[in-house]
Amino acid sequence: MAEAMPDRKGSATGIKDAERRYPISWSGLSHTVSLRGGRSKTIVSNVSGHCDPGQMMAIMGPSGCGKTSLLDLLGGRVGSGTTSGEILIGCKQHPANIRKVVSYVTQEDSLLTCFTVRETLRYASRLAAIPSKAREEAIQQVIVQMGLLVCADTRVGDPLIKGISGGQKRRLSIAIELLHRSPILLLDEPTSGLDSTAAMQVIEHLRDVAQKGHTVVMSIHQASSRAYGLFDSLCLLSKGQQVYFGPTTDVAIEHFAAQGHECPRYSNPAEFFLDVINTDFGAENGGARLEGLVRAFEKSELASSMREALRQPEIPQDGGVSRESAGPCRQFAVLLLRMLHMNWKNPYIFGVRLAMYIALAFMVGTMYYDVGEVARGGEPVAAAAAATSLLALLFYVQAFLVFMSVAILPFFLEIRDVFRRERANGQITCLPYVLADFLAGLPGVRSLL
Ligand SMILES: Nc1ncnc2c1ncn2[C@@H]1O[C@H](COP(=O)(O)OP(=O)(O)O)[C@@H](O)[C@H]1O
Ligand SMILES: [Mg+2]
């Protein structure tokens with residue numbers, strides 16, 4: 001499946017499509033949101049950095065420092081607010097194929113709760129256009145890599161029907177994106193909720209993915225010293241400001257030491273840096289210390305070499321080619337199958353709809369029995385009254401249909417989140433989804449399965 005391709009250092013590493021190497025860089029990135037009362041808040045302020053193919057980068061900082069906001073900006077998922085600065089993906093600003101190039105594993109898992117881990121990955125692999133012969137092997141491989149073998153046949157589950165654990169859901173979300181093999185992988189706290197061994201395994205595996213030529217950027221709020229050593233570069237944020245960008249090696253320790261923050265021997269640098277930059281708990285002179293660190297970084301050699309690197313962004317080695325993904329017809333077929341399977345697994349949702357339609361038909365049928373005849377040929381007064389009541393019937397039926405849709409609201413919210421994730425990651429498009437959803441909802445279609 002894999003072909004050999006020299007990586008940046010010249011060694012031969014297995015990478016399926018070598019031309020899919022995309023660097024990502026951002027410079028002077030700021031994002032401001034409006035708050036109530038006409039106030040505004042800058043949640044990301046003048047942040048710059050880059051990550052090249054074959055590298056893995058960590059965004060670290062105290063909670064609320066803007067890690068998710070920065071990743072949202074990089075992944076093009078910003079909702080409200082104004083953004084300034086420049087993001088280059090493979091030397092281009094807003095490339096047309098951004099959805100096909102960037103996969104983003106968000107902090108919240110959006111999964112279909114009725115499927116097992118294996119079924120979820122099976123549908124993901126079909127949407128990723130993995131050839132049928134290689135599909136089962138690819139699924140099994142990713143299950144093993146993400147440590148999901150013990151729960152491969154357990155359903156994802158929801159608050160009512162318990163399924164896999166929170167940490168397993170996290171790993172399943174990563175596994176789905178790994179199957180899609182996007183050139184750039186953004187992950188928001190992929191190790192949150194995992195025990196230290198599982199976290200280490202996941203980071204080690206993501207490191208392997210990076211070494212195959214992918215660009216991996218992740219936010220992480222706690223890293224063991226072993227995990228920290230696996231990253232190539234580090235971006236430290238505090239209150240949305242950049243405190244450090246550079247290698248994770250001794251350079252980082254020396255940079256902080258030069259500012260008077262000597263990392264004690266045998267301590268975890270990642271923890272030490274976070275202690276230094278955290279101002280949330282009213283540390284003495286916390287604000288001034290942070291200001292000092294931000295200024296010191298701006299004036300440092302590291303910042304100049306970063307700016308130099310940003311001036312000469314690396315060119316992707318393809319020319320617009322992106323990963324493979326299913327075409328509209330295939331998407332339609334996979335989505336239809338998945339929706340029918342979902343209906344089959346959730347018979348009560350379909351059953352509730354059917355029972356309500358039958359009850360509505362019975363009620364309306366008995367209440368308005370023969371009213372049409374009276375309106376057409378009865379006494380003038382009775383006919384007028386019957387015609388008026390037919391108007392009420394129209395309102396009644398419409399209102400009932402609207403209220404009925406509330407019954408499936410929780411289910412709708414679940415599938416909406418999955419739809420949003422898949423669409424934003426370029427795995428599906430609207431038209432095949434709408435057609436498949438419409439067809440799967442027709443009475444009788446379910447019996448095809
Ligand atoms: N749309 C928004 N409106 C107001 N405040 C926001 C908005 N988005 C993020 N924030 C604030 O910006 C800060 C950074 O948020 P976030 O990026 O989620 O932090 P992190 O992921 O590092 O924990 C937080 O203080 C958060 O409250
Ligand atoms: Mg976050």
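Brief remarks on what is shown
- Mean Kyte hydropathy of -1.0 or more with a Cα span along the axis of at least 30 Å, helices from DSSP in the chain: 380-406
- Mean residue ellipticity at 222 nm, helices only, the chain: -15500 deg cm²/dmol; runs of at least 4 DSSP H residues each add -39,500 (n - 2.57), and the sum is divided by the number of residues.
- Charge tally in the Cβ shell below 14 Å around P264, where Lys, Arg are +1 and Asp, Glu are -1, P264 excluded: -2
- Packing-based order for 150-161, 121-132, 213-224, using average beta carbon neighbours within 10 Å, highest first: 213-224, 121-132, 150-161
- Taking 0.36 nm per residue of sequence separation and removing the Cα-Cα distance, the N46/T388 pair yields an extension gain of 116.5 nm.
- A simple count of charges around T154, restricted to other residues whose Cβ falls under 10 Å of its Cβ and scoring Lys, Arg +1 and Asp, Glu -1, yields +2.
- Length gained when the stretch D195-V352 is fully extended (0.36 nm per residue, less Cα-Cα span): 52.5 nm
- Based on the convex hull around the alpha carbon atoms, the chain presents an average projected area of 28.6 nm².
- Over the chain, relative contact order from alpha-carbon pairs under 8 Å, at least 6 apart, %: 21
- Positive minus negative residues near R135 (Lys, Arg vs Asp, Glu; Cβ under 14 Å): +2
- Per-peptide average of other Cβ atoms within 10 Å, ordering 271-277, 412-418 highest first: 271-277, 412-418
- The lysines whose alpha-carbon is closer than 26 Å to the alpha-carbon of K41, local same-chain residues fewer than 8 away aside, are K67, K239, K299.
Read the figures in this text as sums done on the coordinates, not as results from a lab. Only a predicted model underlies this, so the values are computations on that prediction, with no experimental measurement involved. Because the Cβ atoms are built from the backbone with ideal geometry, glycine has one as well, and the counts that use them run over all protein chains shown.
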